[in-house]
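To start, the structure itself, in structure tokens.
The values are calculated or read from the model by the stated rules, or taken from the named source; none is laboratory data. The model shown is predicted, which means the values in this text are computed figures rather than measured ones. Positions of Cβ are backbone-derived with ideal geometry, glycine not excepted, and every protein chain shown enters the neighbour counts. Calculation scope for accessible area: heavy atoms of the full protein, side chains included, ligands and nucleic acids excluded. Shrake-Rupley method; radii C 1.70, N 1.55, O 1.52, S 1.80 Å.
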Amino acid sequence: MNGASRIEIFDGHNDAVQFLMEYRDGARDFLTRSDDGHLDLHRAREGGLIGGLFAMFAKPDRPPEGDFTRTENGYEVRLAEPLDPLYARQRISEQSAALTHLAARASGQIRLASTVNEIETARHDSVFSIVLHMEGAEAIGPDLDGLEQLHAAGLRSLGLVWSRPNIFGHGVPFAYPRSPDIGPGLTSAGKELVRACNQLGVMIDVSHLNERGFWDVAALTTAPLVATHACAHAICPSTRNLTDRQLDAIRESDGVVGFNLCVNDVRPDAHLDEDTPLETIVHHLAFLIDRLGENRVALGSDFDGAVMPRPIKDASGLQRLVHALYGHGFGEVMVRKIMLENWLRVFGLTWR
Ligand SMILES: [Zn+2]
């Protein structure tokens, strides 16, 4: 009965916290349906989303101007400046508090989850799960104390870097077409952070990390390799996407790639064009499934953080992606893995 029943979905990446009214005055109410941005509780329900990794991310107050350059066949963006760790700590603590407040005023419709069992229980109760992720580890000091505090607050997933350098490693500058092999690997503090994450059971996210940093994580970590939001470099050769060798290492480690719906990382031409057909998305997703196997691909939408393809538009449109996968010939068992079960499997292998 392909396509007959609605598929439940867990999403590996969104930036909705940036737009929460608990975080920013005058911003959106997550509990009220909106047409702004991509994600709120109502649109999540319409699309079949049962929860997601919510990225806490310290964005500078004023982004630098004029750092985007169009090149003959693509684009490049100047590498972002390092972030002041005190500023990062302040922002992250406000965002963590905002998500806690959101769950507290949601009349039981949202829970912060930090175990697979809590996600499963919430799903059973038709409650939406928020799992805390941090994109860029600037808020963690060189002594790594901050990691334990964040873990105690519910952090279960950590991107060592965003697309900027920090004391742990180097992120890739956004560029196309270009290799992600830019800059040095992890620092010694970065290697310590990998070990500490393994010990605490915090999932390490290699999204935004440069290639040498990726191989350092791969050599050190005892957990499966995970990219919460990325695509395949063989199809769209942007620095944010994973090379075939990286995908093979993720497969060998029994990890997961959360497929990023960001149009300029999905499209082979990397154009920032909403008019990206479902066929283009499914073709790219099928490549990842072919390379990684059906147990190691999931969804990492980047809702509220990227330009979405018009046929999906926002979280409410996710079942259209599900139907496109059926249309491509993927069966319901496989689609359930990609949309939900693969995340739960890798969380189960990683969290303690
Ligand atoms: Zn990101």
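For the range 38-81, the tally of residues that are within 16 Å of the ligand (Cβ to nearest atom) and either closer than 18 Å to residue 133 by Cβ or assigned to a loop (DSSP other than H, G, I, E, B) (or both) stands at 14.
Once the range 207-241 is narrowed to residues that are more than 15 Å from the chain's Cα centre (by Cα) and farther than 20 Å from residue 183 by Cα, the residue that is surrounded by the most Cβ atoms within 10 Å (Cβ to Cβ) is 236.
Listed by first and then second residue, the pairs with beta-carbon distance under 6 Å, at least 6 apart or on different chains, first residue in the range 14-37 and over 19 Å from residue 57 (Cβ atoms) and outside any loop (DSSP other than H, G, I, E, B), second within 16 Å of the ligand (Cβ to nearest atom) and open to solvent by less than 30 Å² (accessible area, probe 1.4 Å), form an empty list. Taking the stated definitions as given, is residue 88 within 20 Å of the chain's Cα centre (by Cα), within 16 Å of the ligand (Cβ to nearest atom), assigned to a loop (DSSP other than H, G, I, E, B) and not acidic (Asp, Glu)? No. Here residue 147 fulfils each of the conditions (1) outside any loop (DSSP other than H, G, I, E, B); (2) within 16 Å of the ligand (Cβ to nearest atom); (3) under 21 Å from residue 84 (Cβ atoms) apart from (2). Being open to solvent by 10 Å² or more (accessible area, probe 1.4 Å) and over 16 Å from residue 91 (Cα atoms) holds for only one residue in 144, 160, 150, and it is 144.
Consider the range 342-352 and keep the residues that are open to solvent by 30 Å² or more (accessible area, probe 1.4 Å), assigned to a helix (DSSP H, G or I) and in contact with a helix residue (DSSP H, G or I) (Cβ under 9 Å, 6 or more places away or on another chain). The one that is nearest to residue 309 (Cα to Cα) is 345. Residue 68 falls short on exactly one of the conditions (1) without any contact (Cβ under 8 Å) to a residue 60 or more places away in the chain; (2) aromatic (Phe, Trp, Tyr); (3) open to solvent by less than 70 Å² (accessible area, probe 1.4 Å), and that condition is (3). Tallying residues that are open to solvent by less than 20 Å² (accessible area, probe 1.4 Å) and within 16 Å of the ligand (Cβ to nearest atom) within the range 283-305 yields 7.
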